[in-house]
Amino acid sequence: MYKRLFILLFNLISHPAQSWKEQAEEQDINNENFYKSYLYPVVGTIALLSFLGNLWAGMAPDLAVKNIIEQALKTVLREALAYFAGFYLVSYLLSLILSKYFACKPGKYICERFTGYASAVVYAVAMASALFPFLLFIRYLLMLFAAYTVWQGAIHYLRIKEEYLTKFTIFASILIVLSPLLIQRLLLLMMPGL
């Protein structure tokens, strides 16, 4: 299962046009397969890697093991909440605006799959930066590539009309990239100990 997941993530990042065409051919009536084979494992992997990365980064001789594990578990909670909440927020907002502003009525499940697959770059960068937190500058640089994945998904998966393509790509890319980051900041503001 994880081999297929990482191949899908790699293909969505390296060959987005072809991957979006393949995803458009797949039919998942209620997204059960999408959740089981893609979204839950991706967010779980981000959480696991953030735990390991936090343990690795926190291995200072002056810190107690209890404090290191406690901080690592808080990071796991923050990451999992941010990426799940970001996913649901973006898919909900896209389902609202697609019909209203972009003359497209894909439905709830299509919007969820689009959001999940279009976030492949964000998820891959989160996995890498969770394991190597000192590479934070690369995280923001690579997030720009998410716009290309969104562009290809809008063309091949959602079939957005060309006149709306640029506006939709900009709007969806901003939502996909910023929503997990904003939710993380919001969690830190609401729960400072997290």
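Taking only the alpha carbons of the chain, we obtain Rg and Dmax values of 17.3, 59 Å in that order. Each residue of the stretch 170-180 was assigned a 3J(HN,Hα) from its phi angle through the Karplus expression (A = 6.51, B = -1.76, C = 1.60, θ = phi - 60°), giving 5, 5, 5, 5, 4, 4, 5, 6, 8, 4, x Hz with x at Gly and Pro. Taking the number of Cβ atoms within 10 Å of each Cβ as an exposure proxy, the fewest-first ranking of Ser95, Ser37 is Ser37, Ser95. Calculated on the alpha-carbon coordinates, the convex hull of the stretch 1-112 measures out at 131 cubic angstrom per residue.
Can you return the lysines within cross-link range of Lys108? Criterion is Cα-Cα under 29 Å, with same-chain partners fewer than 8 residues away left out. Answer for Lys108, where 29 Å is the Cα cut-off: Lys3, Lys21, Lys36, Lys100, Lys161, Lys167, listed by chain and number.
Building the convex hull from the alpha-carbon atoms of the stretch 90-194 and averaging its projection over directions returns 7.2 nm². Seen against the Cα atoms of the chain and their longest principal axis, helix 65-101 is set at about 10 degrees. Taking a straight Cα-Cα cut-off under 24 Å and skipping sequence neighbours fewer than 8 places away in the same chain, the lysines within cross-link reach of Lys66 are Lys74.
Throughout, read-outs are computed from the coordinates displayed, never taken from laboratory work. Computed from a predicted structure; not experimentally measured. Methodologically, a virtual Cβ is constructed for each residue, glycine included, from the backbone with ideal geometry; neighbour enumeration extends over all protein chains shown.
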